[in-house]
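K.L.:
Structure in structure tokens, see below.
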Amino acid sequence: MNPLQAPSGRSFSEEAEKHVQSIAVATQDVDTGAALVAGMSGDLDPDEVARVRRKIDFGILPMMCTLYWIQFMDKTTLGSAAILGIRQDTHLSTNQYNWLGTVFYLSYLIFEYPQNLALQRFPVGRWMSINIFIWGIALACHAACTNFAGLFVARFVLGMCEGSITAGFMIVSSMFYTRTEQTSRVGYWFLMNGTAQIISGFISFGSLHINTTGFAPWQWLMVITGILTLITAVVYWFFFPDSPTNAWFLTPAERAIAVRRLKENQTGVENKHFKKDQVIEALKDPKTWIFAVFSALDQIPNSLSNQRQIIVTSLGFTALQTTLLSCVDGFIEVATIWTGVMIVSRIPNSRAYVGAVYFIPALVGVLMIEFLPWSNQIGLLFGIWLVDIGITGFVLSLAWLTSVTAGHTKRVTTNAIMLSAYCVGNGLGPFMWQTQYKPRNRIPWIVIGMCYVICPILLLTIRFILSRENKKRDAEPVNNDFEEVYIEQVTADGKRIEVKVDKEFLDLTDIQNRDFRYVL
């Protein structure tokens, strides 16, 4: 057994050496919440836990929902601007317009892992606020662009900065909420995408009626959304917390409760120390790559976000009607995501099954679009709306990945891989929509249908693998390797003491910790 050593390299007191089969670790190697709750024991008061959870909800959920509404509205302004004249005013060809949708996700992809490393290294709230501020400027600068090159640069910067948001929210959700709570909370902030479509529709409608010489409606849209983003950045800088260990709206005692209630996750809060072995484990873990393939295939149909209004216009609806009909898209997304996460929250271990079921109406929508006559304007429109329901599976997968991955560096790495695959799917999707396929776009719709057949199969495959692993661990003997682990703390009077750290706060990965059980 290795001798007990303090982080400084000096031996602990003789009392510490009396521990049998004990291990001493440096504070940086354990979770940031370890020092806050080390040595604490006893059961938590359920009423106190519920009260602290409510404070967390009020403290962060409104800001998370607002930002996710802002970020989705911002990246879909290109689709809204398409019917407000941006293609004509900047002389965009169909291929150039598709590239503007792709470059956003290309930039997102390039900077996704660096963004995740920065989110681990720096305070999460401050890092996101810096990115929000830069992308607000980039969004407003769209209004000054007169050609493809200018828009290309602006969209590139937009993708670079927005890559921090979903990754940051996945980390924050795992830091503040238990595994049973994460699915609903991720659903709450993700369904703001639908809200964004509704509000963006009204903003586009208002922009369409702004008549100013030398400044087109699409330019007003960019300026208005850019200003909203800049305001959000300022709010985040001052009010968004970085961790439950320093959340401004919690008292010191409430912070300890907030951390202790996460023990059931067996994932801790966070660890600022980069661990190479956890990166390697993430790369070798099969579920990492199945989630990634699912993410890529599920996001190829998301290219509809920039094409939907063009398609609806081609059905014979006016620009005004198309703008208002986009609000229905948002309502459907809100309703389906909300019902999906509510079902999962009430039925244990149902993530894969619920996600798979929600692909069925999306497939029906694809079939309607493929086989209904082009003259059936209303039927085709309903088909497009049904396709939106497929997004629910992706929302559930985001929360699922976070709850089945432990070890902060590993979680950061798996998040980055999944979101990089998300970028690949979104980057490839726009190239389906070629001029020669219009107006029926049969080839793109066939591709979307194939994606929606494979995606539910992947979700069920992940469930099978995780269920099998849980049964394997149930049959294993109890592992006590990490039961006696201690860190050094200095008391108020300067005395150096050794404090026991629970296994849940050792920053172990889900593979290292054999007591970890995967939620299904």
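The values are calculated or read from the model by the stated rules, or taken from the named source; none is laboratory data. Small disclaimer: the values here were computed from a predicted structure and weren't measured. Here the Cβ is made from the backbone with ideal geometry for all residues, glycine too, and neighbour counts use every protein chain on show. Ligands, DNA and RNA are excluded from the accessible area calculation, which covers all protein heavy atoms including side chains. Shrake-Rupley method; radii C 1.70, N 1.55, O 1.52, S 1.80 Å.
K.L.:
Compute the Cα gyration tensor for segment 127-210, then decide on rounded, prolate or oblate, letting a ≥ b ≥ c be the square roots of its eigenvalues: rounded whenever a/c is under 1.5, prolate when a/b is larger than b/c in the other cases, and oblate in all that remain. Each step should come with its number before you reach the end.
P.N.:
Details: a/c = 3.43, a/b = 1.59, b/c = 2.15.
Oblate, because a/c is 1.5 or more while a/b does not exceed b/c.
K.L.:
Counting only Cα, what are the radius of gyration and maximum Cα-Cα distance Dmax of segment 89-177, in Å?
P.N.:
Spelled out, the Cα radius of gyration and Dmax of segment 89-177 are 14.7, 48 Å.
K.L.:
Using a 1.4 angstrom probe and counting only protein chains, how large is the accessible area of residue 476 in Å², to 10?
P.N.:
60
K.L.:
Still on this model: Find out how many positive minus negative residues lie around residue 401, taking Lys and Arg as positive, Asp and Glu as negative, among other residues whose Cβ is under 14 Å from that of residue 401. Numbers along the way, then the final one.
P.N.:
Working: positive: 179, 287, 351, 410, 411, 463; negative: 285, 298, 510.
Around residue 401, the charge tally is +3.
K.L.:
Show me the three semi-axes of the equivalent ellipsoid for segment 270-391, from the C-alpha gyration tensor (sqrt of 5 times each eigenvalue), largest first, rounded to whole Å.
P.N.:
Details: eigenvalues 254, 59, 43 Å².
Semi-axis lengths for segment 270-391 are 36, 17, 15 Å.
K.L.:
Now a separate question. Could you sort 141, 455 by accessible area so the largest value comes first, with the probe set to 1.4 Å? Write down the numbers at each step before the final one.
P.N.:
Numbers: 141 65, 455 0 Å².
These residues rank, largest area first, as 141, 455.
K.L.:
Between residue 215 and residue 51, what is 0.36 nm times their sequence separation minus the Cα-Cα distance? Round to one decimal in nm. If you can, show how the numbers build up before the last one.
P.N.:
Numbers: separation 164, 0.36 × 164 = 59.04 nm, distance 5.08 nm.
Full extension from residue 215 to residue 51 adds 54.0 nm.
K.L.:
Considering amide H positions built from the backbone, and no H for Pro or chain starts, which residues 5 or more places from residue 506, or on another chain, come under 5 Å of its amide H?
P.N.:
Under 5 Å from the amide H of residue 506: 31.
K.L.:
Between residue 284 and residue 475, 0.36 nm times their residue separation minus their Cα-Cα distance comes to what?
P.N.:
Values: separation 191, 0.36 × 191 = 68.76 nm, distance 2.34 nm.
Net length gain for the segment: 66.4 nm.
K.L.:
Can I ask one more? Give the ranking of 368, 63 by solvent-accessible surface, highest area first, calculated with a 1.4 Å probe. Write out the running numbers ahead of the final one.
P.N.:
Details: 368 50, 63 25 Å².
Ranked from most to least accessible, the order is 368, 63.
K.L.:
As a test of reading the structure, rank 402, 66 by solvent-accessible area (1.4 Å probe, protein chains only), most first.
P.N.:
Details: 402 5, 66 55 Å².
Reading off the accessible areas and sorting them downward yields 66, 402.
K.L.:
When the Cα atoms of segment 348-478 are enclosed in a convex hull and the volume is divided per residue, what value in Å³ results?
P.N.:
Details: hull volume 14.1 nm³, N = 131.
Given the Cα convex hull of segment 348-478, per-residue volume reads 108 Å³.
K.L.:
Here is a follow-up. Of 410/471; 75/438; 55/284, which ones are farther than 32 Å apart at the Cα?
P.N.:
On the way: 410/471 23 Å; 75/438 24 Å; 55/284 38 Å.
Result: 55/284 exceed 32 Å.
K.L.:
Using only the Cα atoms of segment 373-427, construct the convex hull and provide its projected area averaged over every direction, in square nanometres to one decimal.
P.N.:
Values: hull surface 19.4 nm².
The number I arrive at for segment 373-427 is 4.9 nm².
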